[in-house]
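Read the structure below first, then the notes.
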Amino acid sequence: MKAMTPMERRAWICERARSLGFDLCGVAHPNAFAELAHLPEWLSRGYAGEMKYLHDSRRADPKLVLPGARSLIVVALNYNSLEPHSTEFTSGERGDLPRGWISRYAWGDDYHDVIGRKLEELLTAMRGEFAEPFA
């Protein structure tokens, strides 16, 4: 484990995240999410649909979830699959079965599990690379 500057550490983390299959990775200060100020309005407009968990007040401020955090690692994974869009099937391709719109994230493995496994791999790699404690 060699000593790294914060910029080198950030670059290492993002490179490792991409090698694990994440499409995007960044490291941000917990106060860097100014757009969260718009969350109450977004929720009041009903954009959360039936996802009641989005109304949890902790979603508006990362410091409420991770008090004392100095940096947050933010990753993204495109869960679009190679399967054709559900609207592209004709009745002849799938028989006379009922048809409907199926969200792209539902075509593959549960994305919570996929992202969770990748995050655990990233944490394991970070624990092997960095001597400094982190949570």
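Starting from the stretch 121-135, keep only residues that are closer than 15 Å to Ser71 by Cβ, then list their pairs with residues that are at pLDDT 85 or above and not in a helix (DSSP H, G or I) whose Cβ atoms are within a distance under 7 Å, requiring at least 6 positions of separation or different chains. Short answer, once both residue conditions are applied: Leu122/Leu20. The lone criterion from (1) under 30 Å from Pro133 (Cα atoms); (2) in a helix (DSSP H, G or I); (3) open to solvent by less than 70 Å² (accessible area, probe 1.4 Å); (4) at pLDDT 95 or above left unmet by Arg18 is number (3). Of the residues making up the stretch 1-15, those that are in a helix (DSSP H, G or I) and more than 20 Å from Gly68 (Cβ to Cβ) number 6.
For the stretch 38-65, taking the residues that are assigned to a helix (DSSP H, G or I) and open to solvent by less than 80 Å² (accessible area, probe 1.4 Å), the one that is nearest to Leu123 (Cα to Cα) is identified as Pro62. Which condition number in (1) open to solvent by 90 Å² or more (accessible area, probe 1.4 Å); (2) charged (D, E, K, R); (3) under 18 Å from Leu122 (Cβ atoms) is the one that Glu35 fails? Against the list (1) open to solvent by 90 Å² or more (accessible area, probe 1.4 Å); (2) charged (D, E, K, R); (3) under 18 Å from Leu122 (Cβ atoms), Glu35 comes up short only on (3).
Selection of the stretch 103-132 for residues being open to solvent by 60 Å² or more (accessible area, probe 1.4 Å), charged (D, E, K, R) and assigned to a helix (DSSP H, G or I) yields Asp113, Arg117, Glu120, Glu121, Arg127. In this structure, Gly26 does satisfy being touching a residue at least 24 places away in the same chain (Cβ under 8 Å) and open to solvent by less than 50 Å² (accessible area, probe 1.4 Å).
The values are calculated or read from the model by the stated rules, or taken from the named source; none is laboratory data. What you are looking at is a predicted structure, and each value in this text was computed from that prediction instead of being measured. Heads up, the Cβs are rebuilt from the backbone with ideal geometry, glycines too, and the neighbour counts pull from every protein chain shown. Quick note on the areas: whole protein, heavy atoms, side chains included, nothing else; ligands and nucleic acids left out. Shrake-Rupley method; radii C 1.70, N 1.55, O 1.52, S 1.80 Å.
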